[in-house]
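Some notes on the structure that comes next.
The values are calculated or read from the model by the stated rules, or taken from the named source; none is laboratory data. Just so it is clear, the model here is predicted, and its values are computed rather than measured. Ideal geometry is used to build each Cβ from the backbone, glycine not excepted, and the neighbour counts take in all protein chains shown. Side chains included, ligands, DNA and RNA excluded: accessible areas come from the protein's heavy atoms. Shrake-Rupley method; radii C 1.70, N 1.55, O 1.52, S 1.80 Å.
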Amino acid sequence: MKIFSKASVIGFIAGFICFPVVLWGGLYLYMQLASDGLGGGGQGLAPPDIPSETRISLDWTVQGLDGAEINLKDYAQDKPVFLNFWATWCPPCVDEMPSIERLYGQFGDSMAFVCISQEDETTLRKFVEAKNYSLPVFRTASDPPPELNAQALPTTFILSPEGRILLKHLGGADWSHESVVAFLREKLSRG
């Protein structure tokens, strides 16, 4: 009684050789498509959606990395606000940070940038220093208004000086994308 035939042995060897090639090739292709832009500064991320205009109060407190408490209404000084909820352990948050840094470089004088995390000051400070970011990073010191509850990380809002939500985006985005820059230029020219 023969357990293995010549055809089954050849099939086994061909399968043994082809399976890893197909598996690794498929995995490589999947990773290229799924992570397009990861580590690339947001280049593979889609721009955010431009939705509603709900009003919220900016009268709430955050804490700077130096421990000082800051009232966001006073910090914004009647400027539009770029408000980002994020964490250092969140890959989409980390991936979009270079594009936020670029946007801050373009609009840092005409908008108030607020990147908020619930992590401790030491972790945040090390992250910001390691990446050489200049954008303002804060910790939560009090609960934000209910309209700004972040259901996912990252969550980003762009607020008018009056507190209208001009844009809300859940997930990572390329914040220096030309559509965002055009949107901000239009909003800043109006007011």
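Please pick out the residue among 59, 78, 36, 66 that is at pLDDT below 95, open to solvent by 20 Å² or more (accessible area, probe 1.4 Å) and either closer than 18 Å to residue 170 by Cβ or touching a helix residue (DSSP H, G or I) at 6+ places or on another chain (Cβ under 6 Å) (or both).
One residue alone meets the criteria, 59.
Basic (Lys, Arg) and touching a Phe, Trp or Tyr at 6+ places or on another chain (Cβ under 7 Å): which single residue out of 168, 126 fits that description?
168
Among the candidates 87, 130, 152, which residue alone is without any contact (Cβ under 8 Å) to a residue 24 or more places away in the chain and within 14 Å of the chain's Cα centre (by Cα)?
Going through 87, 130, 152 in turn, the sole match is 152.
Among the candidates 134, 110, 117, which residue alone is in contact with a Phe, Trp or Tyr (Cβ under 8 Å, 6 or more places away or on another chain), open to solvent by 40 Å² or more (accessible area, probe 1.4 Å), of a type in the set (Ser, Thr, Tyr) and within 22 Å of residue 64 (Cβ to Cβ)?
That would be 134, the only listed residue that is in contact with a Phe, Trp or Tyr (Cβ under 8 Å, 6 or more places away or on another chain), open to solvent by 40 Å² or more (accessible area, probe 1.4 Å), of a type in the set (Ser, Thr, Tyr) and within 22 Å of residue 64 (Cβ to Cβ).
Return only the number of the condition from (1) among the hydrophobic types (A, V, I, L, M, F, W, C); (2) closer than 16 Å to residue 65 by Cβ; (3) out of contact with any strand residue (DSSP E or B) (no Cβ under 6 Å at 6 or more places or on another chain) that residue 93 does not satisfy.
Among (1) among the hydrophobic types (A, V, I, L, M, F, W, C); (2) closer than 16 Å to residue 65 by Cβ; (3) out of contact with any strand residue (DSSP E or B) (no Cβ under 6 Å at 6 or more places or on another chain), residue 93 violates only (2).
Considering only residues of segment 153-167 that are open to solvent by 10 Å² or more (accessible area, probe 1.4 Å) and out of contact with any Asp or Glu (no Cβ under 8 Å at 6 or more places or on another chain), which is farthest from residue 121 (Cα to Cα)?
162
Counting just the residues of segment 155-191 that are more than 28 Å from residue 90 (Cα to Cα) and part of a loop (DSSP other than H, G, I, E, B), which one comes out modelled with the lowest pLDDT?
Top of the filtered list is 191.
Sort out which residues of segment 108-120 are more than 15 Å from residue 86 (Cβ to Cβ) and in contact (Cβ under 8 Å) with a residue 24 or more places away in the chain, and write them in order of number.
If the condition is that a residue be more than 15 Å from residue 86 (Cβ to Cβ) and in contact (Cβ under 8 Å) with a residue 24 or more places away in the chain, then 108, 110, 111, 112 are the ones that fit.
Which ones in segment 90-107 are touching a residue at least 24 places away in the same chain (Cβ under 8 Å), open to solvent by less than 50 Å² (accessible area, probe 1.4 Å) and in contact with a Phe, Trp or Tyr (Cβ under 9 Å, 6 or more places away or on another chain)?
93, 96, 97, 98, 99, 100, 101, 103, 107
Which pairs do you get when a residue that is of a type in the set (Lys, Arg), found in segment 163-179, comes within reach of a residue that is not in a loop (DSSP other than H, G, I, E, B), reach meaning Cβ atoms under 6 angstrom, with the pair 6+ apart or on two chains?
164/55; 168/157
Among the hydrophobic types (A, V, I, L, M, F, W, C), buried (at least 17 other Cβ atoms within 10 Å of the Cβ) and at pLDDT 95 or above: is that true of residue 150 in this structure?
no
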